Each structure stands twice: as structure tokens, then as C-alpha cells.
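I have placed the structure first, in the form of C-alpha cells, so that the comments after it can refer back to it.
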Amino acid sequence: MKTSTDTSHRPGAISAFFIYKAGLFAACFWTWLGVLAFREVPVTGWHIVAATGAVTTSLVGVVLGIRFALQRDAFERHQEVMRTLVEITWHTFAATPPSHDRDSHEGHEGEADVIRLAQDIRRARR
């Protein structure tokens, strides 16, 4: 049985892996670009590769982080809606039915378990 504190079913475990992976690659590319920039050598193709990799992996990490946050938020909203729905259902079916006269239903066949609505009660009294 899962409890409300059980997080094993929460979405985004694989997304978190890719966010961390993109962050690690971004840190490596930024470090590589920094090392190449501080060395006094002319700009080469490796500078372009390091800069492109740094910017790309940073943007991928940000996009994946935003997607991850949106998934978590959507999951929490869904969980709250489901919890509210269960509470409403529980209160609806666990509530005691309104007391009504069973004697008034004895003469009518098939109506022994029918609860008349207010509109039906007015019509029956006329």
C-alpha cells in the first residue's frame, strides 16, 4: 500500500537523470572553454566546439529543468484533485441517508428503496 509520503510513483526520475547529465556536460564544456580562453592561443575550431557545446548543454539543461518542474507541478495538482474526489465520494456514500417513511412506500411495488427528490415529493402530495 502506498502512502502519501511515498515518492516512488512520482514522475520525472528519468528526467532528473538527464537534467543532471546535461548539467555535468555543461560544466565540462564551460570548463573546457575557460581553459581554452585563458590560454593565449589564437581562436581555433576547438574554441567553437567548446562554446557551442557549453551553450547547447546549458540550454538543454534549462529546458529539461523547466519540463521537470512542470511535470512535478502537474502531478501534485492531479494528486490533490484525486484526493479531493475521494473525499467527496467518501462523504457522499458514507453520509447517512435522509430519514423517510418506509410505510409510504409499502403500497407501491418496486419503490421500496427509492428516495424521492423534493420535486417528486411535491407531486406526490397533490
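Values quoted throughout were computed directly from the atomic coordinates according to the rules given, and no laboratory measurement underlies them. Quantities reported herein were computed from a predicted structural model and do not represent experimental measurements. We place every Cβ from the backbone using ideal geometry, glycine too, and count neighbours over all the protein chains shown.
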The stretch 13-98, Rg to Rh (Cα coordinates; Rh as Kirkwood inverse mean 1/r): 1.47
With DSSP loop assignment and no more than 15 other C-beta atoms within 10 Å, the trypsin sites (Lys or Arg not before Pro) in the stretch 5-88 are Arg39
Obtain the nm distance between the two label points defined at Leu36 and Ala13 by a simple spin-label model: each point lies 7 Å from its Cα along the Cα-to-C-beta direction. 3.8 nm
Tell me which of Phe38, Ala54, Ser15 sits at the most positive position along the dipole axis of the stretch 13-98, charges placed on C-beta atoms (Lys, Arg +1; Asp, Glu -1). Phe38
